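**Student:** This is the structure, below, for whatever I ask next.
Any read-out appearing in this document is the output of simple, stated calculations on the displayed coordinates, not a laboratory observation. None of the values given here were measured: they were computed from a predicted structure. Here the Cβ is made from the backbone with ideal geometry for all residues, glycine too, and neighbour counts use every protein chain on show.
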Amino acid sequence: MKALPVLMLLLSNIFMTHAWYGHLKDLRGRPILIAIIFSWSVALLEYCFQVPANRIGSAHFTLPQLKVIQEVLTMIVFAGFCVFYMRERLTLDYLWAGLCLVGAAFFMFRNVLL
């Protein structure tokens, strides 16, 4: 059952990333109000996964652990979104930032791992 909140957070991050950045590609020439309404509608789907994921996850993880899981998933989803959807290149700085999050995850879960 620990995998369910992580999977839900992953889905939440996919919607969140698209809500925050997808309009830069999809709605570039449209009025900002259209982009806002589009983003809000996508963000609603994000919350439909995020809120239950945190409720379910709080039975298995501490609040700081949930936050670190969320941030690690955000970086993974964002990397895929940048490369495959937005056609952007990732630099080594992104790798270093990701490694910092791996360190954060280690410290947050070291009592569970060791």
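**Student:** Among what's in segment 15-49 and is without any contact (Cβ under 8 Å) to a residue 60 or more places away in the chain and β-branched (Val, Ile, Thr), pick the residue that is nearest to TYR85 (Cα to Cα).
**Tutor:** VAL42
**Student:** For segment 45-65, enumerate the residues that are among the aromatic types (Phe, Trp, Tyr) and crowded, with 16+ Cβ neighbours inside 10 Å.
**Tutor:** Hits for segment 45-65 are PHE49, PHE61.
**Student:** Can you tell me which residue within segment 66-91, out of those that are crowded, with 18+ Cβ neighbours inside 10 Å and of a type in the set (A, V, I, L, M), is farthest from MET108 (Cα to Cα)?
**Tutor:** VAL77
**Student:** Checking the structure you have, find out if any residue of segment 23-43 is in a helix (DSSP H, G or I) and closer than 27 Å to MET1 by Cα. I'd like the intermediate steps shown before the answer.
**Tutor:** Quick first cut of segment 23-43, residues in a helix (DSSP H, G or I) only: 23-26, 32-43.
Cutting the leftovers down to closer than 27 Å to MET1 by Cα gives us 42-43.
Looking through segment 23-43, at least one residue is in a helix (DSSP H, G or I) and closer than 27 Å to MET1 by Cα.
**Student:** Please verify whether segment 9-23 includes one or more residues that are more than 18 Å from the chain's Cα centre (by Cα) and not polar (S, T, N, Q).
**Tutor:** no
**Student:** When segment 77-111 is examined, which residues are found to be touching a residue at least 24 places away in the same chain (Cβ under 8 Å), touching a Leu at 6+ places or on another chain (Cβ under 9 Å) and in a helix (DSSP H, G or I)?
**Tutor:** VAL77
**Student:** Quick one: ALA79 ticks every box in (1) in contact with a Gly (Cβ under 8 Å, 6 or more places away or on another chain); (2) within 18 Å of ALA3 (Cβ to Cβ) except a single one, so which number is it?
**Tutor:** (2)
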